[in-house]
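Comments concern the structure below.
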2 protein chains.
Amino acid sequence: MKQMPASKAYRLLEAGPIVLVTTAQDGRPNVMTMGFHMVVQHDPPLIGCVIGPWDHSHAALRATGECVIAIPTVDLARKVVDIGNCSGTEVDKFAKFRLTLKPAKEVGAPLIAECLANIECRVADTTLADRYNLFVLQAVRIWTDPERKERRTLHHNGDGTFTVDGRTIDLKERMVLWKQFQD
Amino acid sequence: MKQMPASKAYRLLEAGPIVLVTTAQDGRPNVMTMGFHMVVQHDPPLIGCVIGPWDHSHAALRATGECVIAIPTVDLARKVVDIGNCSGTEVDKFAKFRLTLKPAKEVGAPLIAECLANIECRVADTTLADRYNLFVLQAVRIWTDPERKERRTLHHNGDGTFTVDGRTIDLKERMVLWKQFQD
């Protein structure tokens, strides 16, 4: 896996892919599926996300203040859904779904080797965590897999159907006010 | 345009489409392009979004507490980018981009007739507005255009390129814990 600057987290998340989130508490890793997230700020790179007490990961995120956001692609679609439909209280999801853990550099939560990218995050703000389960995370390190052939991400339509990435339109030359974000 | 329940806002936004946001202040409507948004809660339907003081719409949103999130499709791609690259302080963007305003029902901000869907919103929480320009909105009414042929939305990759919706994968039968969101 190759690194990219943490300040480029918006390149991976703004388009709204469904993501996996890993945590680790007391030596025990867990993974969940997440669709409620957004970019809050380019740099320092802040990410908003909703992880509720109905998610087993909630307690680990609260306790450790760390997680990894991993971005899966279309070949992992069934696993992504199944991960979101069982609980870490009952199963070791890494074993069940045969995901390969790799140690992160800045946080205790693991990277997922099978994903397109992994964003190491620290909780930056919990002001709205009690009210809406809304955490503001700061991306601290990003790993990508530039060798990966399949790069199409999935977008959850909220009902169990997912839109797969289609073609890309390049409108960079029209982004006159936002040139600094194209480097 | 046809209505759908406001509680279904997540069906339109979870997949991360680039959106337009309208506001109106002192009888003057404005529109901006927004990529930093997420679903916060299914029901009551809450939406998080970032609208900064660099956006002319920021002042109107602060003053009126109302906006409309309109969802454009791929045929509007150039307009979506160009709307985000000029300011309502200088131009009447509705005239410039020949968008058709329609009155909303619950809010003073207008609907955009050319869009796939329009979500009337009221500001529900400004706790993080000063710190991150993060507003929590509540969807109060939704309009969709079921007759529209082109339904593919755009996802901003953060750099002036956009991914167009490709095919849809139906994995509803695996969503055993989330059946209540499929109605």
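Read-outs throughout are calculated quantities, based only on the coordinates presented, and are distinct from any laboratory measurement. Values in this document were obtained by computation on a predicted structure and should not be read as measured data. For neighbour counting, all protein chains shown are included, and Cβ atoms are generated from backbone atoms with ideal geometry for every residue, glycine included.
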*In the stretch A:136-160, which residues are crowded, with 18+ Cβ neighbours inside 10 Å and under 17 Å from residue A:102 (Cβ atoms)?*
A:140, A:141, A:142, A:143, A:144
_I'd like the full set of residues that are of a type in the set (Val, Ile, Thr) and surrounded by fewer than 19 Cβ atoms within 10 Å (Cβ to Cβ), limited to the stretch A:81-122._
A:89, A:91, A:100
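If I filter the stretch B:136-164 down to residues being assigned to a strand (DSSP E or B) and free of Cβ contacts under 8 Å to residues at least 60 places away in the same chain, which single residue comes out as farthest from the chain's Cα centre (by Cα)?
The selected residue is B:161.
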*Could you grab the pairs with beta carbons closer than 8 Å, sequence gap of 6+ or different chains, first residue in the stretch A:74-93 and under 14 Å from residue A:21 (Cα atoms), second one part of a helix (DSSP H, G or I) and among the small types (Gly, Ala, Ser)?*
A:88/A:57
*Test: residue B:68 is under 30 Å from residue A:133 (Cβ atoms) and either touching a residue at least 40 places away in the same chain (Cβ under 8 Å) or in contact with a strand residue (DSSP E or B) (Cβ under 9 Å, 6 or more places away or on another chain) (or both)*: yes
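Tell me, which residue of the stretch A:166-183 that is touching a strand residue (DSSP E or B) at 6+ places or on another chain (Cβ under 6 Å) and either hydrophobic (A, V, I, L, M, F, W, C) or within 24 Å of residue A:5 (Cα to Cα) (or both) is surrounded by the most Cβ atoms within 10 Å (Cβ to Cβ)?
Here the answer is A:169.
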*Inside the stretch B:153-177, can you point out the residues that are farther than 27 Å from residue B:115 by Cα and more than 7 Å from chain A (Cβ to nearest Cβ)?*
B:173
*For the stretch A:133-152, what are the residues that are among the β-branched types (Val, Ile, Thr) and facing chain B (nearest Cβ under 8 Å)?*
A:136
*Considering the stretch A:125-135 alone, what residues qualify as being assigned to a strand (DSSP E or B) and surrounded by fewer than 20 Cβ atoms within 10 Å (Cβ to Cβ)?*
A:125
*Within the stretch B:1-10, is there a residue that is small (Gly, Ala, Ser), within 30 Å of residue B:183 (Cα to Cα) and touching a Lys or Arg at 6+ places or on another chain (Cβ under 7 Å)?*
yes
*Could you grab me the full set of residues in the stretch A:4-17 that are at the interface with another protein chain (Cβ under 7 Å from one of its Cβ atoms) and closer than 19 Å to residue A:125 by Cα?*
A:10
*Spot the failing condition for residue B:180; the list is (1) within 30 Å of residue A:75 (Cα to Cα); (2) in a loop (DSSP other than H, G, I, E, B); (3) out of contact with any Asp or Glu (no Cβ under 8 Å at 6 or more places or on another chain); (4) not aliphatic (A, V, I, L, M), and only one is missed.*
(2)
